[in-house]
Amino acid sequence: MNRLRNATSPYLLQHADNPVDWWEWGEEAFAEARRRDVPVLLSVGYAACHWCHVMAHESFEDDEVARLMNDLFVNIKVDREERPDIDAVYMEATQAMTGQGGWPMTVFMTPEGHPFYCGTYFPRAQFRALLQAVHTAWTTKRDEVVGQGQQVVTALTSRGPGLPGTRAPGEDVLAHAVKVLAGSYDAARGGFGGAPKFPPSMVLEFLLRHHARTGDEQALAMAARTMEAMARGGIYDQLGGGFARYSVDAGWVVPHFEKMLYDNALLARVYAHWWRATGSPFARRVALETCDWMLRDLRTDQGGLASALDADSEGVEGKYYVWTPAQLREVLGDDDGAYAEELFEVTGTFEAGTSVLQLLRDPDDAERYERVRTALLEARSHRVPPARDDKVVAAWNGLAVAALAECGALFSRPDLVRAAEGVARLLTDVHLRDGRLVRTSKDGAPGANAGVLEDYADVAEGLLALHAVTGDPRHLRVAGELLNTVLERFGDGRGGFYDTADDAERLFRRPQDPTDNATPSGQFAAAGALLTFAALTASDRHRQAAEEALAPATVLADRHARFVGWGLAVAEALASGPVEIAVIGDPDDERTRALHRTALMSVAPGAAVSVGPPDAAGVPLLEGRGLVDGSPAAYVCRGFVCRLPVTSTDGLVRELQEQLD
């Protein structure tokens, strides 16, 4: 019996009609394996995963393969986005056994949850043979198999918590990290390393902050070249906005077509910061198009943002996005079709004569370009779209709150700020219960899985960014409650954080990974939110926790700077202070608004901003600071020690520049 029909995960529901007798993760499945005396087959994936779909079609929908799975194993299906803790623990085992990882992840384990054979995608014939081989080993070499599983568990659990490190990265470490990044920088095509290339969002934020603090032109150049190359390539949707997950080549031409909320939230924010640093109209356009895509294609009826769009439509990867010259002419006519073919590089860059659209140069005729782009986007809307994973993930929505709030404020788009407030309401009304977060919701109903460290950290980060834009003290208060839970429930006793709370389900290893992946590591995300909260509240406890949590970045930056970008970005804020900016005045007074906008335009790394009337309750940074001769005023501070207040935007610009000189 397939037990996935009542699941809330769209990924699990994709497998609800398989002939496989799938179980959801839980004690009942392991008890059944013990009762039957068979191994557990764990399959982990996510809804937008192309190769997960391939393995499902080849094997899990095949009656013969399903019969083998059902006869020989208890089969558990897990959505890695709902249960990142399970994914992390068994991915660590997979990488330890095979030297690589990926999805779908396929793990054979004992009924005690100890992995003894791991892999990723297997073609049907190979998978059938593997099922038989594992069954044979289980029945004829049981002691050896169980012993191997125990050895894996012992090896992984023998590692102590955290990484060695005594202090947060200082100015010397940060400068060296830029040099390390330069060593793998692709000067010709942007980005770092070779194919496949993933958007290095956290590294880009670090480079922008380093340039702001030091004036290092190399840091800015690497960030700017990478961001321009990505947004001109096929990894960026030239018609509808938004970035795909990664590029399969080194030139950002052909993407792996799924579009994830977390990528686009991070990228919208860093492109806005690029614009803030340089005034680039290109950066502004990309940031806004990415925000508009998130709201157009991912917003749910409850005001949250769905997780992802699939790579496939009608069972074909990329079909929704690619074009042939004939298709262009059919929509646009011969003249505009030829124009689009040249402008968008429709030269057969993908499969079967199709092309992913690129925009390697700005069009000479902006009006014609916009007419053509609009016509193609409208025509594309009649194609069968990729499926959408409708679950709302707390962490990724927290990242989106920060992006939407900041883009709305910087680009004078109040609709984006309102959207950020809507997402924040969903998070606090649906995901937050008695001070604890649930990881996911769907259709406005909270899921059953507990929030992990990144959920607390990224939601706090989003609420603090929203507070900076709106001045609403409730956002600061809730962020503080979430961060207190982080300190009380996630600490490892050595200054770091586990990825799960101390009362979470116990796996064979409590996951802890300080390195960034597709999103900031939970530990470094927590450090960033803790540092900002400390700057707004003068809390030594939160600042000390932030500094201690950054210590692993000092160790890792020497050789692996690409994988600690967010930790380095937070360390830049620490090296800069961070600067605290309190804007005092009536929110409806145009002079207050002008000072507030100037504060938000500061490139000071991690600047903590708050705005409100004199002695606003609930915001320590604003307390005791008043108007100056009846006029709105701005106070620029470090560690709550403030310079003389200023009442003009020019004066505030000078004060902020002095903090960077």
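The values are calculated or read from the model by the stated rules, or taken from the named source; none is laboratory data. Keep in mind the model is a prediction, meaning the values are calculated, not measured. Backbone-built Cβ (ideal geometry, glycine too); neighbour counts: all protein chains shown. Accessible surface areas use protein heavy atoms only, side chains included; no ligands, DNA or RNA. Shrake-Rupley method; radii C 1.70, N 1.55, O 1.52, S 1.80 Å.
Given a 1.4 Å probe and every protein chain left where it sits, what share in percent of the accessible area of the range 243-290 is carbon and sulfur? Within the range 243-290, the accessible surface is 58 percent carbon and sulfur.
Compared with the rule-of-thumb size 2.2 N^0.38 Å for a compact globular protein, the range 281-359 has a Cα radius of gyration ratio of 1.34.
Sparse packing (at most 14 other Cβ atoms within 10 Å of the Cβ) combined with a DSSP loop state is found for the following trypsin sites (Lys or Arg not before Pro) in the range 399-494: R494. In the calculated pair-distance distribution of the range 262-311, the portion above 18 angstrom amounts to 35 percent of the Cα-Cα pairs. Cross-link reach is defined here as a Cα-Cα straight distance under 24 Å, omitting same-chain residues fewer than 8 places apart; for K391 the lysines meeting it are K77, K259, K319, K442. Between E488 and Q151, the modelled label-to-label distance comes to 4.4 nm, taking each label 7 Å out from Cα in the direction of the beta carbon. Only Lys, Arg, Asp and Glu carry charge here, each on its Cβ (+1 for the first two, -1 for the last two); on that basis the chain has a dipole of about 940 debye about its Cα centre. Applying 1/(1 + (r/R0)^6) with R0 = 22 Å to the Cβ-Cβ distance of V331 and R285 gives a FRET efficiency near 0.45. The Stokes-Einstein estimate for the chain, based on a Kirkwood radius over Cα pairs and taken at 37 °C with 0.692 mPa s viscosity, is a diffusion coefficient of 127 µm²/s. By DSSP, the beta bridges lying fully in the chain are antiparallel in about 75 percent of cases. Taken one residue at a time, the phi angles of the range 353-359 give Karplus couplings (6.51, -1.76, 1.60, θ = phi - 60°) of x, 8, 9, 8, 6, 10, 9 Hz. Gly and Pro are set to x. Remark on V611: its backbone amide H falls under 5 Å from those of G471, V583, a criterion applied only to residues 5 or more positions apart or on other chains, H modelled at 1.01 Å from N. No disulfide-compatible partner, judged by a Cβ distance under 4.7 Å, exists for the following cysteines of the chain: C118, C291, C407. Rolling a 1.4 angstrom probe over the range 1-77 with all protein chains present gives an accessible area of which 46% lies on carbon and sulfur atoms. Once you reduce the range 554-585 and the range 210-248 to the center of their Cα atoms, the two points are 20 Å from each other. By accessible area, using a 1.4 Å probe on protein heavy atoms only, the range 542-615 has 50% of its surface on carbon and sulfur.
Sequence-ordered 3J(HN,Hα) estimates for the range 600-614 from the Karplus curve with 6.51, -1.76 and 1.60 and θ = phi - 60° stand at 5, 7, 5, 8, 3, x, x, 3, 9, 10, 9, 9, x, x, x Hz, glycine and proline given as x. Taking all protein chains into account, the per residue accessible area for the range 156-231 stands at 40 Å² (1.4 Å probe).
Amide H contacts under 5 Å for I76: W23, L41, L42, S43, restricted to partners 5 or more places along the chain or on a different chain, H placed in the peptide plane at 1.01 Å from N. Of the residues V270, V331, P169, the one whose Cα sits farthest toward the positive end of the charge dipole of the chain, with +1 on the Cβ of Lys and Arg and -1 on the Cβ of Asp and Glu, is P169. Computed about its Cα centre, the charge dipole of the range 552-661 is approximately 420 debye, with only Lys, Arg, Asp and Glu carrying charge at their Cβ.
Taken about its Cα centre, the range 410-506 carries a charge dipole of roughly 220 debye when the Cβ of each Lys and Arg holds +1 and the Cβ of each Asp and Glu holds -1. Computed from the C-beta positions of E658 and E481, the FRET efficiency with R₀ = 41 Å rounds to 0.70. Inter-label distance, Q100 to S631: 6.5 nm, where each label sits 7 Å from its Cα along the C-beta direction. When you restrict to C-alpha pairs under 8 Å that are six or more residues apart and normalise by the size of the chain, the relative contact order lands at 12 percent.
Write down the Å³ per residue value for the convex hull defined by the alpha carbon atoms of the range 416-498.
Looking at the range 416-498, the number lands at 92 Å³ per residue.
Grab the Cα-Cα distance for S381 and E112, subtract it from 0.36 nm times how many residues apart they are, and report the gain in nm with one decimal. Please list the in-between numbers first.
Numbers: separation 269, 0.36 × 269 = 96.84 nm, distance 4.90 nm.
Net length gain for the segment: 91.9 nm.
Relative contact order of the range 515-573: 43 percent, from C-alpha pairs under 8 Å at least 6 residues apart in sequence. With θ taken as phi - 60° and the Karplus curve 6.51 cos²θ - 1.76 cosθ + 1.60 applied, the whole-hertz 3J(HN,Hα) list for the range 4-11 is 9, 5, 9, 5, 9, 6, x, 5 Hz, x standing for glycine and proline. Each peptide among 339-348, 613-622 gets the average number of other Cβ atoms lying within 10 Å of its residues, and from highest to lowest they stand as 339-348, 613-622. Working from label points 7 Å from Cα in the Cα-to-Cβ sense, the E367 to R35 distance is 7.4 nm. Geometric descriptor of the range 321-473, per residue, is 165 Å³ (volume of the convex hull of the Cα atoms). Over all distinct Cα pairs, what is the inverse of the mean 1/r for the range 1-95, reported as the Kirkwood hydrodynamic radius in Å? The answer is 13.5 Å. Taking the longest Cα principal axis of the chain as reference, the axis of helix 217-232 is set at about 60 degrees. For L305, the residues 5 or more places off, or on other chains, whose built amide H falls under 5 Å of its own are T300. A protection proxy built from the mean count of other Cβ atoms within 10 Å ranks the segments 366-374, 384-392, 523-531, 73-81, most packed first, as 523-531, 73-81, 384-392, 366-374.
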